[in-house]
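Just so it is clear, none of the values below were taken in a lab; they were calculated from the coordinates. Values in this document were obtained by computation on a predicted structure and should not be read as measured data. Reconstructed Cβ throughout: ideal geometry from the backbone, glycine too, with neighbour counts over all protein chains shown.
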Amino acid sequence: MTDLSDRGREFSNLLVEVFRVNGLLLAAGDGLAEPAGLTSARWQVLGVVDHGPRTIAQVARVMGLTRQAVRQTAAGLVRDGMAEFRDNVRDRRARLLALTPRGRSALREVELRQAAWANDVAARMSLAELRAVTGTLRDLGDLVEER
């Protein structure tokens, strides 16, 4: 077994914090999304297709999830009238997921709550701190992606 270096130990501590914060963010997202009849997962999928209809595979790539997970979430959104499948002229086998007016309305409702929440949380840190953390996480993501 390889012992952790000081940097390796600190990186491991960072990962634990990232996982902890991820859980907290998902719980907060569920709380923000619930009044609109959404979950964090549904909100995220709607947010991706808000930029235009996408295949399940495209949504999965953007979100870093499996197609199966996105397919299940999409099926629930379609069942609840928040999204619909459309024919894809480029590939008949890969239909496009698109927002319905009901889905767009729910998404906008959550976005308003999220903006107020984000402003409140962000007010407790300086802009420089927020930019530094964002840059560090982006760099970390790039490093992990390279491996």
Which residue, Arg79, Arg71, Arg131, has the most motion in a Gaussian network model of the chain that connects Cα atoms within less than 10 Å? Arg131
Taking the alpha carbon gyration tensor of the stretch 73-131, what are the square roots of 5 times its eigenvalues, largest first, to the nearest whole Å? 35, 15, 8
For the chain, what are the DSSP H helices with axial Cα length of 30 Å or more and mean Kyte-Doolittle hydropathy of at least -0.5? 6-33
Tell me, what is the FRET efficiency for Thr136 and Asp30 to the nearest 0.05, using R0 = 30 angstrom and their Cβ-Cβ distance as r? 0.70
Only Cα pairs within less than 10 Å get springs; with that Gaussian network setup on the chain, which residue of Val133, Val110, Val16 has the largest fluctuation? Val133
Taking only C-alpha pairs under 8 Å that are 6+ residues apart, what is the relative contact order of the stretch 74-129 in percent? 25
Where nothing but the Cβ of Lys and Arg (+1) and of Asp and Glu (-1) is charged, how large is the charge dipole of the chain around its Cα centre, in debye to the nearest 20? 780
Run lengths n ≥ 4 of DSSP H only: what is the helix-derived mean residue ellipticity at 222 nm for the chain, with -39500 (n - 2.57) per run over all residues, to the nearest 500? -23000 deg cm²/dmol
Relative contact order (%) - criterion: Cα under 8 Å, at least six apart; region: the stretch 6-146: 20
